[in-house]
There are 2 protein chains.
Amino acid sequence: MPQSAQTAQPSPPAPAPAPRRVADATRERLLSAAAHLFSERGFVATSMRAVTQAAGVSVSAANYHFGSKQALLEAVCEHHIALLNARRLAALDAVADRFATSAPPLEEVLRAFLGPLFEPSDPGLQQCSRAIAARLYSDPPEVAWELRETLFGPLRLRMLALVARALPEADPAQLGLALQFTVGAMVHSVSGNLEPVSGAAGSASNDAWTVELMIDYCAAGMRAVATRTALGGTR
Amino acid sequence: MPQSAQTAQPSPPAPAPAPRRVADATRERLLSAAAHLFSERGFVATSMRAVTQAAGVSVSAANYHFGSKQALLEAVCEHHIALLNARRLAALDAVADRFATSAPPLEEVLRAFLGPLFEPSDPGLQQCSRAIAARLYSDPPEVAWELRETLFGPLRLRMLALVARALPEADPAQLGLALQFTVGAMVHSVSGNLEPVSGAAGSASNDAWTVELMIDYCAAGMRAVATRTALGGTR
DNA sequence: GTCTATATGTTGATAGAC
DNA sequence: GTCTATCAACATATAGAC
């Protein structure tokens, strides 16, 4: 976004594809190390020293590139969550387009909302993105609240609108609550809290059917709330 | 536990009900202050200084009574969660007794599991217990994992067994996953993440119908998972 | 039992050499 | 750009006076 007229390099063909710019490499290494540590131990429990040590640079280098720990955190989250949410928003838009006139099937809406979280698009990066997204819901409000609302607010509103179209008879307020239940189930699953109860050995292809089960669970839950609304149980 | 033969004071009738023992009062003030701070800002983000300052005592007093920050944390959790889980276990046992021969209704099981979390038994203490329980699911694993398993493990196993009896046709592994979705929705709601989407002004009597909605949602979700199992979708 | 004083380590952030 | 050196503030925990 900042450099708009600089997308392609003008004159030098840049023959060697090797170490482009050292500064960029450092910045990237810091982002990667921070992402891993933040996702594993949370934001507050991760020190700048741990991050810079894992990245193989000094603390000052990190502060030069990002200015503060909070800024580094925000950069990491934006980097990971933006990609993730872009896919989720695109999937929701696709469903909205396919069902522009009729009510979209609730399962399709939920698949668009939940699916991208579990798709193994990138090998190591994806697992990180999930955990970071989950951390945004668990770490202390004063550090994560604003960031969470910025990153997830629009997506949640879009989702709520689409769910309301899928269940037109439901009271919007109750649907909002049902959506929060859904988000809770999602966050808890993504946080890696699944193992203790189910054996859950191979987390490799396991994700695919976890999503399917989750879609069924949440769709049925939402329909139950909608039905309760339709029966006059608004209060 | 340490003082077993000292439960009741022997000879003096203790006429004044006022300041019993100063030491006990300090210990209690520390527990209360720690509970509030832990529930609001999480364990790692709360310092001993903050706790002791809020309690009006010195840091050494806290370390005298509890020995370490982790021990204080465990004392706080045990104090709050034990009460909470005792009520939940009792409710589950009551359901199991009432339906000793036949399959218990899923809604009854869920109400026993979820209801005590939202009952306003104690005015200020209850809100704290909820938030602390939620923190145990969100704070970094290295501080909360063991404690969480100790406190919630037995309850979860009891719950899973009862759910399996309510839905005999379901595959236990899938039921376990469905139970995790339920726990996720519960934790997220208890964490106070409800407001941003629903207006949710009066949290006073609001809780009652939040539970009802949640029971409907989770029961429908679990039944959907059980039905999918019965249809042969085990894998 | 509770305090003051202190030991010892870590935190996030900065100044200035290179 | 990246480092070393250093800062003040804070952390947990302990020793010893009262």
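Taken together, the criteria place A:P123 among residues that are out of contact with any helix residue (DSSP H, G or I) (no Cβ under 8 Å at 6 or more places or on another chain), modelled with pLDDT under 90 and not hydroxyl-bearing (S, T, Y). Condition test on A:L89, is it in contact with a helix residue (DSSP H, G or I) (Cβ under 7 Å, 6 or more places away or on another chain) and away from chain B (no Cβ under 14 Å)? So A:L89 passes the test. Candidates in the stretch A:137-156 are the residues that are among the hydroxyl-bearing types (S, T, Y) and facing chain B (nearest Cβ under 9 Å); of these, the one that is nearest to A:T46 (Cα to Cα) is A:S138. Only one of the listed residues (A:A178, A:A161) is farther than 24 Å from B:L136 by Cβ and more than 9 Å from chain B (Cβ to nearest Cβ). That residue is A:A161.
When B:D139, B:D93, B:D97 are checked against the criterion of being of a type outside the set (V, I, T) and within 16 Å of DNA strand D (Cβ to nearest atom), B:D139 stands alone in meeting it.
The set of residues from the stretch A:25-54 being away from DNA strand D (no atom under 12 Å from the Cβ) and acidic (D, E) comprises just one member, A:E40.
The values are calculated or read from the model by the stated rules, or taken from the named source; none is laboratory data. Everything quoted here is computed from the prediction, not taken from an experiment. Glycine also receives a Cβ, built like all others from the backbone with ideal geometry; neighbour counts cover every protein chain displayed.
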